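Below is one structure, written out as structure tokens; comments come after it.
The values are calculated or read from the model by the stated rules, or taken from the named source; none is laboratory data. Please read all numbers here as calculations on a predicted model, not as lab measurements. All Cβ positions, even for glycine, are placed from backbone atoms using ideal geometry, and neighbour counts span all protein chains on display. Each accessible area value is taken on the protein alone, full model and side chains, heavy atoms only, with ligands, DNA and RNA left out. Shrake-Rupley method; radii C 1.70, N 1.55, O 1.52, S 1.80 Å.
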Amino acid sequence: MKLYCLSSDASKPCFVLSFKELLIMLDCGLSAHSVLNFLPLPPVPSTRLASLPNYTPPHVNDPLLEGELKECCGRVFVDSIPEFCPPLDKVVDFSQLDVILISNYTCMMALPFITEDTGFKGQVYATEPTLQIGRFYLEELAEWVSGAGGGTGAAARRWKELLHVLPQPLSLAARPRSWRRLFAPAAVARSLARVRVVGYDEKVDIYGALDATAVSSGFCLGSANWVLRSAREKVAYVSGSSTLTTHPRPINQAALRGADLLILAALTQTPAHNPDHMLGDLCVHAAVTLRAGGCVLCPVYPSGVLYDLLECLSAHLDTAGLQHVPMYVVSPVADSSLAYSNILAEWVSVGKQARVYLPEEPFPHAALARAGRLRHARHLHDDAFSAEFRQPCVVFCGHPSLRFGAAVHLVELWANNPAHAIIFTEPDFPHTEALAPFQPLSMKAFHCPIDTSLNYSQANKLVRELRPRELALPDQYAPPPPHHHQAPRSVPLPHRHVAQLLAGQQAGARAAAARAGAARPVPTVVVRRGAARACGPRRRTARGSLGAALAAHAQAAARTLPAAPAADAQALRLAPLQAALSLRDNRLELLPAPPPPADPAAPPQPGGSGTGALPRLHWGALDVDALVRALAREGITDARVERSAAAPAEGGGTAAADSMSCIVHLPRHDTLVHVERHATHVFCEGRADVRQALRRALAAALPHV
Amino acid sequence: MPEIKITPLGAGQDVGRSCILLSMGGKNIMLDCGMHMGYNDERRFPDFSYIVPEGPITSQIDCVIISHFHLDHCGALPYMSEMIGYTGPIYMTHPTKAIAPILLEDMRKVVVERKGESNFFTSQMIKDCIKKVTAVTLHQSVMVDNELEIKAYYAGHVLGAAMFWIRVGSQSVVYTGDYNMTPDRHLGAAWIDKCRPDLLITESTYATTIRDSKRCRERDFLKKVHECVEKGGKVLIPVFALGRAQELCILLETYWERMNLKYPVYFALGLTEKANNYYKMFITWTNQKIRKTFVQRNMFDFKHIKPFDKTYIDNPGAMVVFATPGMLHAGLSLNIFKKWAPYEQNMVIMPGFCVQGTVGHKILNGAKKVEFENRQVVEVKMAVEYMSFSAHADAKGIMQLIQYCEPKNVLLVHGEAQKMEFLKDKIEKEFKINCYMPANGETSVINTPTKLPVDVSLRLLKAEAVRYNALPPDPKRRRVVNGILCVKDNRLSLLDIDEVCDEIGINRHVIRFTSTVRFDDPGPAVKTAEKLKALLSEKLEGWTITISDGNISVESVLIKVEGDENTKSIYVSWTNQDEDLGSYILGLLQSMVQSS
Ligand SMILES: [Zn+2]
């Protein structure tokens, strides 16, 4: 078993596991941090952004760089269509992948980069909500980026060659040459068409070699952890899990227990912020702003926490006497996302499910929409929408990076008014970075990140409870190497903090375990982007099935080993077995062997044991006296035993060892039997009948099956 | 040989009520727990005393599985759980769990409030019963206990209908409930993978019918309705609130729209809106087309179909009314029937199967007069039409399902004996598998082969693969492994000799035989060895024969040539497990020497 890590962003993971001769990709997250280096693409033209001065590094005169960089709010941005950071494509040949398993819709945005124009021939599996909501995310992204018409044709490329002369933070951009533009809508559609939909706890047969099962991870609608099971091994991939109670089905921990290997990814990105407190803060900030006549902007994704925000904020505004304040969701996929969430009865929490049985929609946003408090629109400038737009209001729209989407326009519009507020809830982007091209900002900015994925103490608790044999982590979560001065690493500072946190937790667990005299700490394998690590158990057998007839036959021939030094000799039985192999759909079955060839003079067949009735395995020491008696029974009465001094025993000169080396001489049959401790060599003339008599006699003198 | 036992307590050679007992691997499973609509006494419930004459039933049944919300499949469930006292697990899909209590309550009202029966379950009992239900999703593998696993497949038929795959150890059964192999206007077709169960228990309502195309039936239906209302007649369509009703509503709605018709269409009972809400919320269980378009237009928001009020019964002029229940055995549909039946211009369309004893069954069999409990006699002058819209698989569909899942045996339930015979014959001829059709209370026993799990050494398998791949391809050649079966702590493994020794800690004792053949063959020894190798290669097809330094080896057999210019000694040596090969080679050399 081998694990490759292809992503540098642990919250947008991408691993490849080689397991049972299969190459299995676990998630294909797309890191979008790179877009923060680009200028925002306003959905409607902005004179401010259009009139920014060009930037040229001092002492550099490179005509190719012309127009690629702009200076804005004291920082340098790339003026081009934003680019993203897909998983590494050099480590694993994507055409060789057998399967891609997706854990949730936040971890699949790079799918087209993996499956399109790469020769990919495998299967992709995801739950139905993951596929549908993932589609909304991808469609929204495509529309925001291409619909804005930003950038002037060709992508800016020259700046990537001149990083060393550029100012920070642009000069710190990680491997910008591997950044890619978003795929075309056709590629998205082709890629999503490959996805096969699975339900929770559905065992998916992967080429007959193993079962993959998606089990609820409690993070968002349809989010799953994956359990891979062969006959003997179990691997659990835990990505984007939550032990908190929100709208999705709760995490299924039982299914993850006792894995040989546990791969842990996509923990919280904001470990210092409690999601519940953040939700409370958000409601308070929003109410205060609205009461003062200001508007509230929440840059969000079109699904996920948005549903909780709508539910909690509407309830809070009710109690705050602000029920007249309209809430708007602006996204090309707003209608689909809101409608879709209400038909996922089988994927929501028990409380929400109970509403469906009434029957009422599981989420209150359908009722809010019917009551006119919640409206949605594809674009800000839709005529019907602009006509009914009222202030003060709350607007939920993308993109959380503030580089494209309706949010860009609203920030531009409201930035100078201190009555308005922008509240960041999505954890994917540092909010100061997101706001960098909009400075100076008069509107209030609040940071209330809501990331319900596991925090480090929850993750440690989970690992302790699941008791895996081995744990694999991306290096961001692992303790720093003991000699960090020798290993310069590019791990950003907050991650190092995280790493130590987890290391500390593990040390604590170790101490606790030691105190309790309980299990040892879990052996941990750390994988870095671009690297591969061997992990998991090594296999020596394959699981098959044995038909009843054959089992009964073997049972009859079986021999118990009372003398064997096994722990429980009673339970140990051996029998020689010849069987026909059937391999159908990778399933191994042992069937009764074909009968031996009818013609005894025909040559033996490779692999066959021919007559099959003769002993196949002897062990232990030969009982010479028993051999002589058995030979006599066969009519060979002239056996003469010579203790041989010339054949020294391995054990040295003890009498017992000596007695094991001897020669049995059968003069009338011109045969010598050399007996040693672990071997007997018969030199005989070619008579078959004598040889068979000898074989029977040897069997009587040696334990065998 | 382990066996699977099936005893129908209902649906054995009849269509009235489904309740089938399945025993395998020490587990007892009840498949459906239906109620017979044609009876008004205790005969409507399955005979639970068959399972246990007295005492608690829970210890006798490991779980109850309900295939769908039709009352002939779930109607007796509250009786079993609340009145008989079954407390074990009950499984059904989410939509079934949501909708079944509504139909149960509806039926309870008819029985208790209209017919005045007292010994019947209460509303509270229905609620308590449903609380005990575990809802499952499609394809979810549910472990009832450590050994019993169940999994639901999409069955079409009605919203939430499922077929169930059930496994104990290496034995497995598929139970279809009611299913439909052709998609209709609101549901998709049943689907199952090649799960190769030991037994397929399938319904056979339409065992002998190959139904004409759906389109023809729909056109026929619309034509008849249209002709009737055009002449000022009233059309009564008795339906169950959920299921076929939605399909026919979609059908009429689109026709009315297309033809721009103005005749009133009503749907009786306040259930309509609620029922349609269930369809909206469980839209993932409907067909592709409805799922794709639901954001823009919900197919279950009807423009032309209005709720019915009882006072409309006596309204003059044409109208179309959907009324419950579907078999005209009680309730509003029966009331309307009584009023409209004596008039020739009216029409009743029965869109589904009617069980014996119901008014629906009587008029479909041509009854011109129907007598009721209070001696009331109703003359039937209205046109009576039967249109099979109930979504069951026909003979073709049943054969198709068998083809899909490749069962080793088939058992027919939920059909009429005569028709079953015909289908049984067909199945046995076409698929060469056994087919059973037990009557109620009769037990069918099906023998199944056992399979034990065994761990096979990769080393053995790799050696076999090398041998196999060395041979010219021949699809008929059997692949053979040879090893030692090791039984340790009840776990089986097939290992090679060295692995066995390692595994159980014994020292192997190797026995080797060496014989000498003298051969007069002038020339260097190496030449002789090459000659021998050529001979062996010719005789031993498929074996890997190597030669180095004049020594030939095949598996553990070593052949060495020594001697002077004229006479050679050929030593042939082999270990005990290669006796066959060794003695064959020795024999070969001996006869070569003799013939030269
Ligand atoms: Zn049915």
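Here are the numbers for the structure shown:
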read-out: Residues being within 7 Å of another protein chain (Cβ to nearest Cβ) and either in a helix (DSSP H, G or I) or in contact with a His (Cβ under 6 Å, 6 or more places away or on another chain) (or both) - total across the range B:452-469; value: 4
read-out: Residue tally, condition open to solvent by less than 50 Å² (accessible area, probe 1.4 Å) and assigned to a helix (DSSP H, G or I), over the range A:245-262; value: 2
read-out: Unique match (being in contact with a Lys or Arg (Cβ under 7 Å, 6 or more places away or on another chain) and among the polar types (S, T, N, Q)) among A:Ser242, A:Ser303, A:Ser230, A:Ser223; value: A:Ser230
read-out: Options B:Gly317, B:Gly326: the member that is in contact (Cβ under 8 Å) with a residue 40 or more places away in the chain, out of contact with any Leu (no Cβ under 6 Å at 6 or more places or on another chain) and surrounded by 15 or more Cβ atoms within 10 Å (Cβ to Cβ); value: B:Gly326
read-out: Filter pass, B:Val410 being within 14 Å of chain A (Cβ to nearest Cβ), crowded, with 17+ Cβ neighbours inside 10 Å and assigned to a strand (DSSP E or B); value: no
read-out: Filtered residues of the range A:1-29 (kept if more than 19 Å from A:Arg539 (Cα to Cα) and among the acidic types (Asp, Glu)); value: A:Asp9, A:Asp27
read-out: Candidate set from the range B:71-80 (those that are open to solvent by 10 Å² or more (accessible area, probe 1.4 Å) and within 11 Å of the ligand (Cβ to nearest atom)); member that is nearest to the other protein chains (Cβ to nearest Cβ); value: B:Leu71
read-out: Per-region count, the range A:315-346, residues under 20 Å from A:Tyr200 (Cα atoms) and either open to solvent by 30 Å² or more (accessible area, probe 1.4 Å) or not assigned by TED's automatic domain parsing to the domain that holds A:Arg390 (or both); value: 0
read-out: Residues within the range B:291-334 that are closer than 28 Å to B:Met107 by Cβ, more than 14 Å from chain A (Cβ to nearest Cβ) and of a type outside the set (S, T, N, Q), tallied; value: 24
read-out: Odd one out for B:Trp191, checked against (1) within 12 Å of the ligand (Cβ to nearest atom); (2) aromatic (Phe, Trp, Tyr); (3) surrounded by fewer than 24 Cβ atoms within 10 Å (Cβ to Cβ); value: (1)
read-out: Residue match in the range B:388-403 (condition: outside any helix (DSSP H, G or I), more than 14 Å from chain A (Cβ to nearest Cβ), surrounded by 14 or more Cβ atoms within 10 Å (Cβ to Cβ) and more than 16 Å from the ligand (Cβ to nearest atom)); value: no
read-out: Index of the failed condition, A:Val395 passing every other in (1) at pLDDT 95 or above; (2) open to solvent by 40 Å² or more (accessible area, probe 1.4 Å); (3) closer than 30 Å to A:Lys352 by Cβ; value: (2)
read-out: Subset of the range B:464-495 (residues that are surrounded by fewer than 19 Cβ atoms within 10 Å (Cβ to Cβ) and closer than 24 Å to A:Arg573 by Cβ); value: B:Lys488, B:Asp489, B:Asn490, B:Arg491
read-out: Boolean, B:Asp198 is away from the ligand (no atom under 16 Å from the Cβ), assigned by TED's automatic domain parsing to the domain that holds B:Tyr91 and crowded, with 21+ Cβ neighbours inside 10 Å; value: yes
read-out: Every residue from the range B:478-513 that is of a type in the set (D, E, K, R) and within 7 Å of chain A (Cβ to nearest Cβ); value: B:Arg478, B:Arg479, B:Lys488, B:Asp489, B:Arg508, B:Arg512
read-out: Residue check, B:Gly366 under 39 Å from the mean Cα position of the chain (by Cα), assigned by TED's automatic domain parsing to the domain that holds B:Phe302, assigned to a loop (DSSP other than H, G, I, E, B) and at pLDDT 90 or above; value: yes
read-out: Helices (runs of 4 or more DSSP H) contained entirely in the range A:296-389, each with at least 3 residues that are among the hydrophobic types (A, V, I, L, M, F, W, C) and more than 36 Å from the chain's Cα centre (by Cα); value: A:365-370, A:383-388
read-out: Only one of B:Pro473, B:Pro449 that is away from chain A (no Cβ under 14 Å) and part of a loop (DSSP other than H, G, I, E, B); value: B:Pro473
read-out: B:Glu257, sole failed condition from (1) buried (at least 16 other Cβ atoms within 10 Å of the Cβ); (2) acidic (Asp, Glu); (3) farther than 30 Å from B:Lys424 by Cβ; value: (1)
read-out: Flag for A:Gly199 being under 30 Å from A:Gly119 (Cα atoms) and within 14 Å of chain B (Cβ to nearest Cβ); value: yes
read-out: The one condition in (1) within 13 Å of the ligand (Cβ to nearest atom); (2) open to solvent by 20 Å² or more (accessible area, probe 1.4 Å) that B:His68 fails to fulfil; value: (2)
read-out: Output for the range B:1-50, where each listed residue is free of Cβ contacts under 8 Å to residues at least 24 places away in the same chain and either buried (at least 24 other Cβ atoms within 10 Å of the Cβ) or assigned to a loop (DSSP other than H, G, I, E, B) (or both); value: B:Asp41
read-out: Options A:Arg668, A:Arg695: the member that is touching a helix residue (DSSP H, G or I) at 6+ places or on another chain (Cβ under 8 Å) and either within 11 Å of another protein chain (Cβ to nearest Cβ) or open to solvent by 10 Å² or more (accessible area, probe 1.4 Å) (or both); value: A:Arg695
read-out: Unique match (being within 15 Å of the chain's Cα centre (by Cα), under 19 Å from B:Gly10 (Cβ atoms) and of a type in the set (Phe, Trp, Tyr)) among B:Tyr175, B:Tyr154; value: B:Tyr175
read-out: Strands (runs of 3 or more DSSP E) (entirely within the range A:1-59) containing at least 1 residues that are among the hydroxyl-bearing types (Ser, Thr, Tyr); value: A:2-5, A:15-19
read-out: Enumeration of residues in the range B:215-249 that are among the basic types (Lys, Arg) and assigned to a helix (DSSP H, G or I); value: B:Arg215, B:Arg217, B:Arg219, B:Lys223, B:Lys224, B:Arg244
read-out: Matching entry among A:Cys298, A:Cys312 (being away from chain B (no Cβ under 14 Å), of a type in the set (A, V, I, L, M, F, W, C) and touching a strand residue (DSSP E or B) at 6+ places or on another chain (Cβ under 9 Å)); value: A:Cys298
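So that you can scan it fast, the table gives a plain yes or no per residue for (1) within 16 Å of the ligand (Cβ to nearest atom); (2) more than 14 Å from every other protein chain (Cβ to nearest Cβ); (3) part of a loop (DSSP other than H, G, I, E, B):
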residue: B:Pro56; (1), (2), (3): no, yes, yes
residue: B:Val64; (1), (2), (3): no, yes, no
residue: B:Glu82; (1), (2), (3): no, yes, no
residue: B:Thr87; (1), (2), (3): no, yes, yes
residue: B:Glu105; (1), (2), (3): no, no, no
residue: B:Val110; (1), (2), (3): no, yes, no
residue: B:Ile126; (1), (2), (3): no, no, no
